[in-house]
Amino acid sequence: MNTQPNPVAVSQHGIRRLNRLEKHFPYIPYLKRCVLRVTSCAVSFGSNLYQHGFEVITAYSNSEGNLAPRNVAPRNVFTPSIPQPRTPHRFLTQQATPYRASRTPQRFLNPQATPPRKLSWVATRIPHHFRTPHRFLTINYPDYSDQYTGWQSLHPQVFPQATPYRATRPESFRGPHRFLFLVLLITSLFGCNRPHPDVYEADVIIYGGTSAAVIAAVEVVQSGKTAIVVSPDTHLGGLTSGGLGYTDTGRKETIGGLARDFYHRVYNHYQDSAAWKWMAKEAYGNKGQGTPAIDGDMRTMWIFEPHIAEMVFEELIRENDIVVYRDEWLDREAGVEISNGVISSMTTLSGKVFRGKVFMDATYEGDLMATAGVSYHVGREGTDVYGEEWNGVQTGVYHHGHHFRAVDVPIDPYRIPGDPASGLLPRISPDPPGVKGEGDHRIQAYCFRVCMTDHPDNRIPFPKPEGYDSTQYELLVRIFDAGWREWFQKFDDIPNRKTDTNNHGPFSSDNIGMNYDYPEASYERRREIISEHMTYQQGLLWFVANDPRVPEEIQVRMREWGLPKDEFTGNGHWPHQIYVREARRMLGSYVMTENELLKRQPTPESVGMGSYTIDSHNVQRYVDENGHVHNEGDIGVGLPGPYEIAYGSLVPKKEECTNLLVPVCVSSSHIAFGSIRMEPVFMILGQSAAVAACMAIDQGKALQDLDYEALKAVLLQKGQVLTMEDAIEANP
């Protein structure tokens, strides 16, 4: 159900009418000092208030029913600001999209999740001579905290503790006059100045809330253009702020530009001793993935806590006055207006229309790309499609130890061992795996990158999920019984005695085979898939910590761990982002394959570099001809060195669309995407895509017609690393 209020704006005529009525009706002054729910026309509304002597301040209501100042606003509420070139009213720095229960795929995953806090506008009449720009950046918290009383949420079943605010009314307002008040409110005040209150325009419209989306928006604004981020998510940063704090860096010297600035900001945060609340900095092991977690020489830090990553992303948004609309979901049926290959607008399910000159799909799913009619692929290509070795079905390949050959004895897949008639254990497919090298519809397994802690003062026991079923983990019991003990192998250390916990072994957090329809599924179906993944993974943690069939030495150690109280506080301490390792992949102007990554052929027109191992997680669990269970699809192939990523992999074919960039669901084969899909690379490509967008606007050209040498010069000037020669020069 959509609980968002309708957009409103205050007309100058309406203000003048209220001024004339003020001497006749005692409650008119209270209308001028009211709390307004943030709406999509807040810019127009605040502008008129400013012209007529109003001061606009911001506050949000917390669960205790108190107004709180902006500088302690919660991380899970951000309200986008308006760039100064677009309006002189810099006090209009807060907008927020209210929560909508029916459209957020991840919001109902935990019934105990803390509801998002509500943001409000507070407008008060002040003399004109007090109106200076600085006053609009202040909050008179003590002056207003006693003037408002709470009222119940529109949806108490969703937000039992939510208490938005309204202005306290005099006794005279509580009588029959309240009806006249409503008439005045509707007829005199809420007249919209624009022809269509739900239309928003910017040079670049960025769809998505990922790390790539944030970095792209920063680059657009710093290049002198306007940007709007339309995010389906309420939190920014995607996996980077959603639990993946043990960064897959690869070769750190290939990470430049704004991506490196992000990790530099993380480094600066952890230089403060106050950042080390749960451990001494000296006690941190400083281990990263192939590089020290804290790189003092380069002033970067690659390993971090989730809430710190989100804090940095919010700082970038705030510092650059970037407009963000959250919890806005593309209308995938008819939400993209495109003619002759040019997108003119996108519409969300709430009815908002976003118009721009260039559009960017920075989601993990590629919904904007698909709705625009751009070609894409889901699943694995056969090895014959691009002349690859490691694509398609890969039975008989055993990399990484995430397979049943890691167990000393074969594992029986049947409910009654040795009896096929008893049926297969849960989470084993009855289908044959397919022919080696052939393509299929299957994709890499998803999971949550769960943050855990063993600090007793910051630890919450693992929750037992609703619908818990211990039989779902019978296969793990048999693996333990066979002597396997590597359960804690991927409890990777991050600061403050926490972990970024990843999949490891033949049966772990990867929910193999349960996500095949996710890339193209409806929002409702995706929500079901995400919920099932959460139930599976929470149940797995509960099982290992509590089921008597788990070996004692593992269970005793597991009970030392729990969820941290200070992470994901608005979602039951569970990550707000599922790890979508792979969904749609565009079929663009150029397709990246393992041949470029393995240096079998050169990459044209580099706009960034990748360097992480070719890494595909398992895609299926099946029974072989001998009646033993196996996993398939886990591939780990080392690279001869860092590789370039082609500009053509970010843009569609010209005949399909000329003003769309896709820096996440890039044009790539399945196996090449296994390396490209790392979060630092998404940030790199997000910045490069933004530079291309700004150049296309300035030159009035299709993205496919940009002069690469000119693009390259700008990218290098902005610190991007395009070749190993650039990397060596930047890191002598």
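The values are calculated or read from the model by the stated rules, or taken from the named source; none is laboratory data. No experiment lies behind these values; they were computed from the predicted model shown. All Cβ positions, glycine included, derive from the backbone under ideal geometry; neighbour counts span all protein chains shown.
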- Top-ranked residue of segment 282-320 - restricted to ones that are more than 26 Å from the chain's Cα centre (by Cα) and more than 24 Å from residue 490 (Cβ to Cβ), ranked as surrounded by the most Cβ atoms within 10 Å (Cβ to Cβ): 298
- Mind checking which residues of segment 322-344 are hydrophobic (A, V, I, L, M, F, W, C) and assigned to a loop (DSSP other than H, G, I, E, B)? 322, 329, 334
- Single residue of 681, 666, 721, 637 found to be in contact with a helix residue (DSSP H, G or I) (Cβ under 6 Å, 6 or more places away or on another chain), under 21 Å from residue 591 (Cβ atoms) and either at pLDDT below 95 or β-branched (Val, Ile, Thr) (or both): 666
- Query: Which condition number in (1) surrounded by fewer than 20 Cβ atoms within 10 Å (Cβ to Cβ); (2) of a type in the set (Phe, Trp, Tyr); (3) outside any loop (DSSP other than H, G, I, E, B) is the one that residue 278 fails?
  - Reply: (3)
- Please work out which one of (1) surrounded by fewer than 24 Cβ atoms within 10 Å (Cβ to Cβ); (2) under 26 Å from the mean Cα position of the chain (by Cα) is the condition residue 659 fails and give its number. (1)
- Message: So if I check each of 437, 423, which one is in a strand (DSSP E or B) and surrounded by 13 or more Cβ atoms within 10 Å (Cβ to Cβ)?
- Response: 423
- Unique residue being under 22 Å from the mean Cα position of the chain (by Cα), assigned to a strand (DSSP E or B), modelled with pLDDT of 95 or more and surrounded by 18 or more Cβ atoms within 10 Å (Cβ to Cβ) when the list is 202, 259, 216, 212: 202
- Item | Filter pass, residue 408 being surrounded by fewer than 17 Cβ atoms within 10 Å (Cβ to Cβ), touching a residue at least 24 places away in the same chain (Cβ under 8 Å) and not β-branched (Val, Ile, Thr) | yes
- State yes or no: is residue 665 closer than 23 Å to residue 338 by Cβ and under 23 Å from the mean Cα position of the chain (by Cα)? yes
- Query: Given the residues 431, 457, which is the only one that is assigned to a helix (DSSP H, G or I), out of contact with any Leu (no Cβ under 9 Å at 6 or more places or on another chain) and either under 30 Å from residue 585 (Cβ atoms) or touching a residue at least 60 places away in the same chain (Cβ under 8 Å) (or both)?
  - Reply: 457
- Task: Mind counting the residues in segment 284-321 that are closer than 30 Å to residue 657 by Cβ, touching a Lys or Arg at 6+ places or on another chain (Cβ under 9 Å) and assigned to a loop (DSSP other than H, G, I, E, B)?
- Result: 1
- Task: Under 6 Å between Cβ atoms, at least 6 apart or on separate chains: pull out the pairs that start in segment 600-620 with a residue that is under 16 Å from residue 676 (Cβ atoms) and end on any residue that is aromatic (Phe, Trp, Tyr).
- Result: 605/647; 605/708; 607/647; 610/643
- Task: Select from segment 632-677 the residues that are hydroxyl-bearing (Ser, Thr, Tyr) and assigned to a strand (DSSP E or B) and write down the one among them that is nearest to residue 507 (Cα to Cα).
- Result: 668
